[in-house]
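Nothing in this text is a laboratory measurement; each read-out follows from the coordinates by a stated rule. All values reported here derive from a predicted model rather than from experimental measurement. A quick note on method: Cβ atoms are made from the backbone with ideal geometry, for glycine too, and the neighbour counts reach across all protein chains shown.
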Amino acid sequence: MAIVEEIPGASTIRSRAPTKDNKQKGKSSAQPTIPLVHPSALPKPTAPPLLNVPPPGTIPDGAKVHTVSSAEEIEQLQQQLEGKRGEDEDEDEDEDEEHEREEEGNDVIFNTLIMAVPFTFLYLMLDILVHLQYSHKAGWYLLGEHALKALPTLSLLIYYTNEYPTHPLTNSFLMSASILAGCRLVWLVNKASWSVVTAQAPPMGTLWILTIVQLPLGRALLALMCVGGWFWYADLKFAP
């Protein structure tokens, strides 16, 4: 026979034990409340879309529909399409040619200036050296005047010799100008007075160097040999 005694405070102990409902309530009370966002009340857009893509199997707006009933009409349509393609290709070729011409024009101007400016400074340097040889200093006004005259002349000469480098007249002109300028410069150094030397030696020296630079190697050597032969025949010297 078993004796069961009541333990005081057991009900209180049992009531203190956490249950599942109490755990869920504790978790829900511990979590913060998240405010809900109200649904958008903006009206529906009334402006048309930027790109209207038709559903598949439908004809887009503005499209031309051609009804073909014979093979001749098909050939005519093909010829029209080929003609349009040919016109588009011709327009593209014309645009490419114009673009190439613009680039060539820019290259010609750049090549002309990139040679004309250094040769202009070469002319000024020879002018200063010739004046210093006779103990005379060239003024800024004189040098500026000579530079303004030399730059356009040298630019034209360089432009035409670069534009037509293989033309027979170009080569013959450069050959004759090189020989004459070299012989004239040597004669000025040996025979001319100081006023003639200061006036003609800088342009003759610049022209001689420019023609040698523009000529092919073989013809440049031939022109130098002609000047050297005349120098030896006339019994002249390079320094006074």
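Once both labels are positioned 7 Å from their Cα atoms along Cα-to-Cβ, the gap between ASN190 and TYR141 label points is 3.8 nm. Computed 3J(HN,Hα) for segment 112-118, one whole-Hz value per residue from the Karplus formula 6.51 cos²θ - 1.76 cosθ + 1.60 where θ = phi - 60°, is 5, 5, 5, 9, 5, 5, x, glycine and proline marked x.
Calculated FRET efficiency, VAL117 to ASP235, Cβ-Cβ distance, R0 = 35 Å: about 0.35 to the nearest 0.05. In this simple spin-label model, placing a label point 7 Å from the Cα along the Cα-to-Cβ direction at both GLN79 and TYR134 gives a separation of 8.3 nm. Remark: spin-label model distance ALA47-ILE59 equals 3.1 nm, labels positioned 7 Å along the Cα→Cβ axis.
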